[in-house]
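To keep things clear, I will list the structure first and then write my remarks on it.
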Amino acid sequence: PLVESGGGLVQPGGSLRLSCDASGFRFSDYTANWYRQVPGQERELVAKITSRFATNYADSVLGRFTISRDNAQKTLYLQMSSLKLEDTAVYYCNLESEYTYYTAWGQGIQVTVSS
């Protein structure tokens, strides 16, 4: 399974770093993504990093969030800075195989931005 960690409560303007343990996977074969979901809304893609380390971000987080990966440690990261109230959501780690249609999801972790 994928296991997220690092979520919690933070004040506006603060920072958090999410981690996703992908030790059960051939991690380097996957594109890795962070999604988030607010109750009543669709899950949205926040950031993506391919096996070749190409990255893409949602416009709403561009310049504030940084996605990275450590293939040796089989870990995905999301560094979140300048957090806003609207970043409050459950954040999910996702892997997409670059060779098959296989995809895997973490259980999600809550990030709450509040004063």
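The values are calculated or read from the model by the stated rules, or taken from the named source; none is laboratory data. Being a predicted model, the structure only gives us computed values, none of them experimental. Ideal geometry is used to build each Cβ from the backbone, glycine not excepted, and the neighbour counts take in all protein chains shown. Heavy atoms of the whole protein, side chains included, go into the accessibility calculation; ligands, DNA and RNA do not. Shrake-Rupley method; radii C 1.70, N 1.55, O 1.52, S 1.80 Å.
Points worth noting:
- Considering only 73, 58, 34, and ranking their Cα positions along the charge dipole of the chain that arises from unit charges at the beta-carbon of Lys, Arg, Asp and Glu, the one farthest toward the positive end is 73.
- Ranked order, 74, 84 - accessible area, probe 1.4 Å, largest first: 84, 74
- Computed E for residue 97/residue 9 - FRET, C-beta separation, R0 25 angstrom, nearest 0.05: 0.15
- C-alpha center-to-center spacing [the range 42-115, the range 1-39] in angstrom: 6 Å
- Local electrostatic count, residue 36, Cβ distance below 9 Å [Lys/Arg +1, Asp/Glu -1]: -1
- Spread of Cα-to-Cα distances over 10 Å intervals beginning at zero, given as percent, for the chain: 15, 50, 29, 5, 0
- For the chain, the dipole from Cβ point charges (+1 on Lys and Arg, -1 on Asp and Glu) about the Cα centre works out to 200 debye, to the nearest 20.
- For the range 22-115: accessible area per residue (Å², 1.4 Å): 54 Å²
- Computed label-point distance, nm, for sites residue 43 and residue 64 using a 7 Å Cα→Cβ extension: 2.2 nm
- For the chain, relative contact order (Cα pairs under 8 Å, six or more residues apart, normalised by length) works out to 37 percent.
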